[in-house]
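Presented below is the structure to which this report refers.
The values are calculated or read from the model by the stated rules, or taken from the named source; none is laboratory data. Predicted model, so just to flag it, every value in this text is computed and none were measured. In this analysis, Cβ positions are derived from the backbone assuming ideal geometry, glycine residues included, and neighbour counts consider all displayed protein chains. Please note that ligands, DNA and RNA were not included when accessible areas were found on the heavy atoms of the full protein model with its side chains. Shrake-Rupley method; radii C 1.70, N 1.55, O 1.52, S 1.80 Å.
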Amino acid sequence: RSVRLVTPSPDQIAGLLHERDGVPADLAERAARLAQSHIGMARRLATDTEAMARRERTIEIALDVVTLSDAMRAAATLARVAADDAAALAEQVDTREREEVLRGLGVAPGAAVPAALRVQVRQLEELQKRRATRQLRDGIDRILTDLLSLHRDVLLTSLDAGRPLVNAEVADRVSERAERVPVELTLDVISAIEHARERIARNVTPQFVLEALFATQIAGAVRSAREGVA
């Protein structure tokens with residue numbers, strides 16, 4: 001007998017955040033919408049102001065890319081945003097994990113680790129280092145997912161689809177971009193973002209992936225402008 005998994009709607013996630021975690025209804029709705037039905041990310045956006053601020057910055061940076069130099073700066077900045085996000089997550093988890101391991105080994109808080117126990121602590125640190133690398137790539141993928149939501153909003157607006165926007169807070173800028181950018185270019189950018197996510201999964205250097213993505217976007221815009229003039 002097969003089990004059918006159903007993705008919860010943003011309204012359902014918002015209700016859960018409001019009722020279970022005491023998140024104000026308007027913030028719960030916004031976090032659930034921006035997380036695109038990812039419960040863990042919705043909770044983080046709703047309860048971590050820095051995580052919400054980093055997401056807002058990602059969208060603002062993407063909307064400000066006009067020239068190739070903008071594109072290269074955006075790639076470098078977003079790579080740092082992802083690194084900051086991964087570091088914030090690691091700090092929360094690693095500190096608690098280290099404390100639990102030391103407590104389990106009988107080491108009092110603040111006390112030096114006995115030589116006989118240092119191997120276990122080094123093993124934990126190596127595990128945390130490998131996890132930090134994965135978290136950085138996960139952070140880049142989250143940024144790419146956010147960029148995908150932005151350009152899908154632009155596409156829906158261009159097509160006058162009448163669908164609610166994920167990034168409703170920047171609806172005016174989405175509309176402006178939809179008026180200025182041809183649908184074909186928006187589709188090309190969406191395809192480039194999906195390709196970038198595949199490259200991240202194959203362990204390509206994150207900043208190279210972001211640079212290639214934004215360079216593709218700028219090249220498409222230039223080509224579209226030339227065709228429009230012609």
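I'd like to check something: does the range 151-160 contain any residue that is open to solvent by 60 Å² or more (accessible area, probe 1.4 Å) and either in contact (Cβ under 8 Å) with a residue 60 or more places away in the chain or not in a helix (DSSP H, G or I) (or both)?
yes
Among the candidates 197, 163, which residue alone is assigned to a helix (DSSP H, G or I) and among the basic types (Lys, Arg)?
197
Considering every residue within the range 5-14, establish whether at least one is surrounded by fewer than 17 Cβ atoms within 10 Å (Cβ to Cβ) and either within 18 Å of the chain's Cα centre (by Cα) or of a type in the set (Ser, Thr, Tyr) (or both).
There is at least one residue in the range 5-14 that is surrounded by fewer than 17 Cβ atoms within 10 Å (Cβ to Cβ) and either within 18 Å of the chain's Cα centre (by Cα) or of a type in the set (Ser, Thr, Tyr) (or both).
Pick from the range 63-104 the residues that are farther than 30 Å from residue 216 by Cα and open to solvent by less than 60 Å² (accessible area, probe 1.4 Å): which of them is modelled with the lowest pLDDT?
Among residues in the range 63-104 that are farther than 30 Å from residue 216 by Cα and open to solvent by less than 60 Å² (accessible area, probe 1.4 Å), the one modelled with the lowest pLDDT is 89.
Give me the pairs, please: first residue somewhere in the range 162-176 and free of Cβ contacts under 8 Å to residues at least 40 places away in the same chain and farther than 15 Å from residue 146 by Cα, second residue anywhere and assigned to a helix (DSSP H, G or I) and open to solvent by 30 Å² or more (accessible area, probe 1.4 Å), beta-carbon distance under 6 Å, and either six or more positions apart or on two chains.
Taking only residues 6 or more apart or on different chains, the pairs are 163/156; 175/157.
What pairs come out if I take residues in the range 115-134 that are under 29 Å from residue 205 (Cα atoms) and pair them with residues that are modelled with pLDDT of 85 or more and open to solvent by 40 Å² or more (accessible area, probe 1.4 Å) whose C-beta lies under 6 Å away, six or more apart or interchain?
none
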